[in-house]
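Values in this text are rule-based calculations from the coordinates and carry no lab data. The structure presented is a predicted model; accordingly, all values stated were derived computationally and were not measured. Glycine gets a Cβ as well: all are built from the backbone with ideal geometry, and neighbour counts include every protein chain shown.
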Amino acid sequence: MDITHIFIDDNNPAHRELSIYRTGAISRVRLTDSTYRTYGTLELSAHNHTALFHYGIVESLNELPFVSETGHGLDSWDEAFLHHTQLERLRSILDAEKKKIPPEKKEKTLLGWHDSPVAAAYWRTIDPLEFLNFLETMERFVTEAIKDGYDLEFIL
């Protein structure tokens with residue numbers, strides 16, 4: 001069986017409509033607020049969303065006690081909250097995970113496939129430097145949350 005290999009192009013509107021095209025956000029919130037309010041949001045591009053899973057960072061972060069509606073902790077297609085008392089640990093996990101990423105080696109990861117109407121596999125190329133820059137931005141975002149006593153909401 002011949003399989004068509006399709007590399008996701010973030011600039012292609014048709015690719016952005018695919019169900020495997022996932023983005024996300026991390027927001028600073030206060031779990032004690034009487035109504036939902038965000039105090040700043042860090043957007044996750046589709047590239048960085050994929051890289052969080054590809055490099056095993058989501059799995060490593062699940063050492064932390066995330067609260068989610070499904071009870072699965074930090075996971076795709078879910079939102080999860082992390083109490084501000086856990087943010088120092090989150091930052092140290094991110095720091096340790098960054099050291100495991102070889103900055104010179106672009107990665108290719110399979111996002112999904114189907115057999116019909118035509119067999120196709122959907123791939124993404126991950127640029128480690130772009131992702132490492134995102135992790136630096138994320139660490140600064142977490143540091144600000146620590147300073148101001150915010151909790152975090154992850155929408156993956």
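Exposure here means at most 16 other Cβ atoms within 10 Å; with chymotrypsin sites (Phe, Trp or Tyr not before Pro) in a DSSP loop as sites, the longest stretch of the chain lacking them is 78-156.
Each Cα pair under 8 Å and six or more residues apart adds its sequence gap; the mean of these over the residue count of the chain is a relative contact order of 34 percent. Say each of residue 85 and residue 45 gets a label point 7 Å from the Cα, pointing the same way as Cα to Cβ; how far apart are those two points in nm? Label at residue 85, label at residue 45, 3.7 nm between them. Applying a DSSP loop filter and a limit of 12 other Cβ atoms within 10 Å to the trypsin sites (Lys or Arg not before Pro) in segment 75-113 leaves 99, 100, 105, 106.
Under a Cβ-only charge scheme (Lys and Arg +1, Asp and Glu -1), can you give me the dipole magnitude of the chain about the Cα centre, in debye to the nearest 20?
Charge dipole of the chain: 300 debye, to the nearest 20.
Assuming charge only on the beta carbon of Lys and Arg (+1) and of Asp and Glu (-1), the dipole of segment 1-52 about its Cα centre is about 400 debye to the nearest 20. With the dipole of the chain worked out from charges on the C-beta (+1 for Lys and Arg, -1 for Asp and Glu) around the Cα centre, which of 31, 154, 102 lies farthest toward the positive end? Farthest towards the positive end: 102.
Ignoring lysines fewer than eight residues from residue 108 along the same chain, the ones with Cα atoms less than 25 angstrom from its Cα are 98, 99, 100.
With Cα atoms defining each centre, segment 92-156 and segment 1-78 are spaced 9 Å apart in the structure.
Note on residue 92 and residue 14: with the Förster distance fixed at 41 Å, the Cβ-Cβ geometry gives a FRET efficiency of about 0.50.
Listed options for Cα extents along the principal axes in Å are (i) 54, 36, 27; (ii) 44, 39, 26; (iii) 68, 59, 25. The value calculated from this structure is the one marked (i). Which shape class, rounded, prolate or oblate, goes with segment 78-156 when its Cα gyration tensor gives a ≥ b ≥ c as root eigenvalues, a/c under 1.5 marks rounded, and past that a/b bigger than b/c marks prolate? Cα axes put segment 78-156 in the oblate bin.
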